[in-house]
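Notes follow once the structure below has been shown.
The values are calculated or read from the model by the stated rules, or taken from the named source; none is laboratory data. No experiment lies behind these values; they were computed from the predicted model shown. Reconstructed Cβ throughout: ideal geometry from the backbone, glycine too, with neighbour counts over all protein chains shown. Ligands, DNA and RNA are excluded from the accessible area calculation, which covers all protein heavy atoms including side chains. Shrake-Rupley method; radii C 1.70, N 1.55, O 1.52, S 1.80 Å.
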Amino acid sequence: MKNLIACLPAIRAPFLLLAPICVFLGLSISHYHHVEFQLVSFILTLIAALFSAIAVNCLNEYQDFHSGLDLITTPTPFSGGSGLLKTSPHLASNVLKIANFAATIVLLVGLYFTLVIGSKVIPLGMLGAVIIFTYTKWLNKTPFLCLIAPGLGFGLLIVNGSYLTQTLNYSNDVWLISLIPFFLINNLLLINQFPDIQADKKSGRNHLPIKYGTKIASVVYLLFAIFSAILLGVLIMKKVLPFISAVCFLPLLLNFIAFPHYYLFGEKIAEHPNAMILNVLSANITPLLLAISLLIAS
């Protein structure tokens with residue numbers, strides 16, 4: 001038990017915040033659509049989302065340690081892992097146990113919803129499992145898949161899954177709304193890869209900043225930010241979202257303020273933590289404000 005407690009830094013608690021935010025967004029959309037709140041479904045969905053994130057983080061920690069990447073990476077507040085296994089290598093097996101336990105919890109919740117809702121749950125569950133177990137070892141070696149995997153996992157799967165477990169159905173509107181966090185969360189992980197480029201390259205990774213450089217990666221970041229802003233505006237004009245959701249343009253603006261720093265400083269962006277903070281704030285505050293705006297307008 002002592003060792004398991006010592007392994008808690010590997011779950012990277014500060015990075016778990018996006019999971020409940022995205023669950024909250026799915027729930028808020030269902031409330032905006034006048035669906036009766038299902039407490040048990042909400043709690044189980046929240047558990048599944050949190051444990052999915054824990055499984056990914058711990059597997060990443062374990063696999064990066066065994067590949068030797070952790071030993072040549074300089075951690076920052078936003079990237080490079082927790083550094084736990086670099087100083088306490090004897091805890092590696094316990095970190096793996098936490099990852100397997102978390103994945104088991106997610107599987108059990110998925111089986112419950114499959115029994116309650118039916119086969120509609122299976123595609124989300126299967127795609128989520130693929131992302132959890134392949135992100136570190138395989139997806140990081142394919143630039144495009146590595147780019148979109150974070151947004152798929154949090155933005156599309158968690159938001160739509162949360163809506164599904166409340167309403168028992170999918171909605172085209174929800175898929176469109178979930179593209180807003182999809183682009184922002186992709187951007188979050190994209191910029192966090194900048195400081196680790198040299199270490200990642202040595203370990204065999206081949207994500208977008210490695211393959212095409214930080215200039216191109218920064219332009220992709222800018223395009224994703226533009227897509228999010230355009231989509232928000234279109235959904236408000238089409239009345240898919242209420243007018244009050246326009247408040248989300250404020251945190252979206254942070255992306256455009258931060259962009260010149262990413263373009264100019266590239267791999268040295270960790271020397272400008274305030275610019276990296278803007279990316280984190282936008283990715284978290286935008287879906288949170290969007291969820292709150294939907295509740296207010298309900």
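Worth a mention:
- Filtered by the rule that a residue be more than 14 Å from N192 (Cβ to Cβ), open to solvent by less than 60 Å² (accessible area, probe 1.4 Å) and over 19 Å from the mean Cα position of the chain (by Cα), region 263-296 gives S293, L294.
- Matching residues, region 25-53, being touching a residue at least 40 places away in the same chain (Cβ under 8 Å), over 30 Å from P75 (Cα atoms) and in a helix (DSSP H, G or I): L25, G26, L27, S28, I29, S30, H31, Y32, S41, F42, L44, T45
- Residue in region 241-255 that is under 30 Å from L27 (Cβ atoms) and not in a helix (DSSP H, G or I) present: yes
- Picking from residues in region 203-240 that are of a type in the set (S, T, Y) and either in contact with a Pro (Cβ under 7 Å, 6 or more places away or on another chain) or not in a loop (DSSP other than H, G, I, E, B) (or both), the one that is nearest to T286 (Cα to Cα) is S228.
- Test result for L235, open to solvent by 40 Å² or more (accessible area, probe 1.4 Å) and either over 29 Å from F42 (Cα atoms) or modelled with pLDDT of 95 or more (or both): no
- When residues in region 23-79 are screened for being farther than 20 Å from N169 by Cα, modelled with pLDDT of 75 or more, open to solvent by less than 30 Å² (accessible area, probe 1.4 Å) and β-branched (V, I, T), 1 of them pass.
- Options P89, P123: the member that is modelled with pLDDT under 90 and open to solvent by 40 Å² or more (accessible area, probe 1.4 Å): P89
- Total residues in region 249-262 satisfying the condition of being among the aliphatic types (A, V, I, L, M), over 17 Å from the mean Cα position of the chain (by Cα) and open to solvent by less than 50 Å² (accessible area, probe 1.4 Å): the figure is 2.
- Sole exception among (1) crowded, with 20+ Cβ neighbours inside 10 Å; (2) modelled with pLDDT under 90; (3) assigned to a helix (DSSP H, G or I); (4) of a type outside the set (K, R) for S82, by number: (3)
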